[in-house]
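Here is the structure we will look at, set down as structure tokens.
The values are calculated or read from the model by the stated rules, or taken from the named source; none is laboratory data. What you see is a predicted model, and the numbers here were worked out from it, not measured in a lab. Here the Cβ positions follow ideal geometry from the backbone for every residue, glycine too, while neighbour counts run over all protein chains shown. When the accessible area is computed, the model is the full protein with side chains, heavy atoms only, and any ligands, DNA or RNA have been set aside. Shrake-Rupley method; radii C 1.70, N 1.55, O 1.52, S 1.80 Å.
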Amino acid sequence: MSSATRMASLAVLISLVCATLASGTAGVRVELTRIHSGPGVPASQFVRGALHRDMLRHNARRLAASDAGTVSAPTGINSSILGEYMMALAIGTPPVWYPAIVDTGSELIWTQCAPCSDQCFNQSTPLYSPSSSTTFGVLPCGSPLSMCAVAPAPAGCSCPYNSYNQTYGTGWTAGVQGTETFTFGSSPADQTLGVPNIAFGGSVSLVSQLGAGMFSYCLTPFQDANSTSTLLLGPSASLDGITGVGSTPFVASPATALDNYYYYLNLTGISLGTTALSIPPDAFTLNANGSGGLIIDSGTTFTALVDSAYQQVRAAVVSLVTLHTTADGLAATGLDLCFALPSPTSAPPDMPSMTLHFDGADMVLPPDSYMITYTDNSLWCLAMQNQTDGEVSTLGNYQQQNMHILYDVGQEILSFAPAKCSML
């Protein structure tokens, strides 16, 4: 729980949320909404905001894996153009509802608390008040869910008061670790009973401790501002009876990996249409020293590939498109490869699907899941970015749109199938 923060209303790790279903709940369905740009904000500016946040997340991972020390980042980013997926959950007794960021690339649950110093930001919902909840408790320093119990303990953790200070790519949060009752679900029919004793401000995933649980989500298209996406928790998360399901095992992260709660996958290659790209075989290898690898992350918007892979993808797209590339795209959107459309109403040319070859399964991306159109300035761009070779690559949520994705944490398997997510 945070008394001084510089991020959005509430950050939630899905795997931590999922573990609360061990209380016996049959399953929960939660609607997800994407933060879209406000009135009058062009799509290109919306994308620049998402890319800026992605860049800060990548920089935070890079610095965390180095000896650079504390990660710092600018603050005051306009969260209305970040493109995150949000869910609703209630904290405390009586329950107070908050919007929460659904993020598989983070493991800390926190929100701003009252009383709050002048370092807090304005939010549309009331500040969480521990003194107003009958179920709040301070998390003991000896609890395995405490940040102070992690060996070696984080530099920002201190006992006996179990306070913490954690830095992100987009800011930081500081406060006291506690326990609370959480309620999940989009409607009264779907809501769980209050689940007690959830670590609030702790940093150890309950799912990893319980060795059980599953969740799935289906994300509606990036520029669809009208439909809601779906998050399914527990037994209700299933791909049974769905055709075209592919499954790939999670890759165990070495002790030296950037964070052992990331969901690493073994990406073995990429094809555009029927052409396999000449990507070095070790481009996405997770090394014993913790470098490299590829993670799937619902909190990152655009996929980031190491440069040796990205340049192959970029060149393959250029070879198939007869439109002129334009340097205006980089300034307008922040994306490296953009083509000029004849007019805002022009349809982009036909493109083949892109296939991500995972260990044991292929994820097929239609053109709309790797290219993006901006009618406000007649641009058509590759919706990916590059990373320095040797760093972690990320499969972002733009490439996961209209895909039903199941995380079987107990079996350590990721499964996925194409879907029309607005109909789920």
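Below is a table of values for the structure above.
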| item | result |
| --- | --- |
| Pair list, Cβ < 6 Å and 6+ apart or interchain, from region 118-137 residues that are within 20 Å of P196 (Cα to Cα) to residues that are of a type in the set (F, W, Y) and part of a loop (DSSP other than H, G, I, E, B) | P130/F136 |
| Residue list for region 407-420, restricted to those being in contact with a helix residue (DSSP H, G or I) (Cβ under 9 Å, 6 or more places away or on another chain) and of a type outside the set (F, W, Y) | V409, G410 |
| Any hit, region 276-287, residues being under 24 Å from the mean Cα position of the chain (by Cα), β-branched (V, I, T) and under 18 Å from E391 (Cβ atoms) | yes |
| Selection count where residues are under 19 Å from D376 (Cβ atoms) and among the acidic types (D, E), scope region 295-335 | 1 |
| Looking only at region 112-123, and only at residues there that are under 24 Å from the mean Cα position of the chain (by Cα) and modelled with pLDDT of 80 or more, the one that is surrounded by the most Cβ atoms within 10 Å (Cβ to Cβ) | Q112 |
| Filtered residues of region 238-285 (kept if hydrophobic (A, V, I, L, M, F, W, C), open to solvent by 40 Å² or more (accessible area, probe 1.4 Å) and modelled with pLDDT of 90 or more) | I242, V245, V251, A276 |
| Members of region 291-323 found to be part of a loop (DSSP other than H, G, I, E, B) and either open to solvent by 10 Å² or more (accessible area, probe 1.4 Å) or of a type in the set (K, R) (or both), listed by number | S291, V321, T322, L323 |
| Close pairs (6 angstrom Cβ cut-off, 6 or more residues apart or separate chains): aliphatic (A, V, I, L, M) in region 388-405, in a loop (DSSP other than H, G, I, E, B) and open to solvent by less than 20 Å² (accessible area, probe 1.4 Å) anywhere | V392/G293 |
| Test for A347: is it touching a residue at least 40 places away in the same chain (Cβ under 8 Å) and small (G, A, S) | no |
| Qualifying position, being farther than 20 Å from L382 by Cβ and in a strand (DSSP E or B), among P249, P281 | P249 |
| Failed item in (1) β-branched (V, I, T); (2) in contact (Cβ under 8 Å) with a residue 60 or more places away in the chain; (3) part of a loop (DSSP other than H, G, I, E, B), with I270 passing the rest | (3) |
